[in-house]
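Take a look at the structure below.
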Amino acid sequence: MAVREIVQVGDPVLRQEARSLAREELATDEIRQLIADMRDTMRAAPGVGLAAPQIGVSLQLVVIEDPAEFHTGFTPEQLAARERAPVPFHVLVNPRLTIEGNETVPHFEGCLSFSAFHMIVSRARKVRVDALDETGAPISRSAVGWYARILQHEVDHLRGVVCCDRMDPRTLSTPANYSKHYAGKTIVEAKAIIGKAPR
Ligand code: NI
């Protein structure tokens, strides 16, 4: 098990366009070890997704896992509002996202590269991702709700885009203030507490 240090915002590696991987590279010890380290680092954090640039490696590689035990702190209503369901561990190599439909959903999200600061980000409700898995096999899947959000967040990392680029800036919150003021609230309630920007 190798848990790597997670790069924090401000590091230029988070602003680079990551290099795509050739299929032959996936069988190398280096890439297999990198994927294992990304999995261990994500689980140790803990987080639901990690992109290679977040451990300082500018390659188009993402790991995602949203296990059921992460959902125990939410009410059924909160899970329904997020359209959040368990997602088993998987690896995406060279992912390409396609937005499906034109619905967007605002919600608080965080990032392991932002010391768990939270912010409201509007994301497409539905996406399709086309990628390779860790064996080099092509995969294509549609995603809705929280999983679609995770995909958009992680694929952004491969393009040098981070969540603060897409946030509603008035909603930026430290982890402690997020827990104290917003964690149990709906987005409508949270936005009512924050209020509108002065004109
Ligand atoms: Ni992130």
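The values are calculated or read from the model by the stated rules, or taken from the named source; none is laboratory data. Everything quoted here is computed from the prediction, not taken from an experiment. Every residue, glycine among them, receives a Cβ derived from its backbone with ideal geometry; neighbour counts consider all protein chains shown. The area values use the complete protein model at the heavy-atom level, side chains included, leaving out ligands, DNA and RNA. Shrake-Rupley method; radii C 1.70, N 1.55, O 1.52, S 1.80 Å.
Among 160, 101, 49, the largest mean-square fluctuation in a Gaussian network model of the chain, built with springs joining Cα atoms closer than 10 Å, belongs to 101.
At a probe radius of 1.4 angstrom, the accessible area of segment 34-183 per residue rounds to 41 square angstrom.
Mind telling me which of 145, 184, 110 comes out most flexible in a GNM of the chain, alpha-carbon contacts under 10 Å? It is 184.
Each Lys or Arg adds one and each Asp or Glu takes one away; over the other residues whose Cβ falls under 9 Å from the Cβ of residue 56, this sums to -1. Taking the alpha-carbon centroid of each part, what is the distance from segment 1-56 to segment 84-140 in angstrom? Centre-to-centre (Cα) distance: 16 Å. When you work out D = kT/(6 pi eta Rh) for the chain at 4 °C and 1.567 mPa s, using the Kirkwood radius from C-alpha pairs as Rh and the Stokes-Einstein form, the result is 75 µm²/s.
Applying 1/(1 + (r/R0)^6) with R0 = 22 Å to the Cβ-Cβ distance of residue 168 and residue 128, what FRET efficiency is obtained, to the nearest 0.05? Kindly include the intermediate steps, with their values, before the conclusion.
Working: r = 26 Å, r/R0 = 1.17.
It comes to 0.30.
Rounded to the nearest 500, the helix-only mean residue ellipticity at 222 nm of the chain stands at -6500 deg cm²/dmol, with each DSSP H run of n ≥ 4 adding -39,500 (n - 2.57).
Taking the accessible area of segment 49-199, probe 1.4 Å, and keeping the other protein chains in place, the carbon and sulfur fraction comes to 56%.
GNM on the chain, alpha-carbon springs under 10 angstrom: the most fluctuating residue among 87, 62, 144 is 87. Here the relative contact order of the chain, from alpha carbon pairs under 8 Å that lie six or more residues apart, stands at 22 percent.
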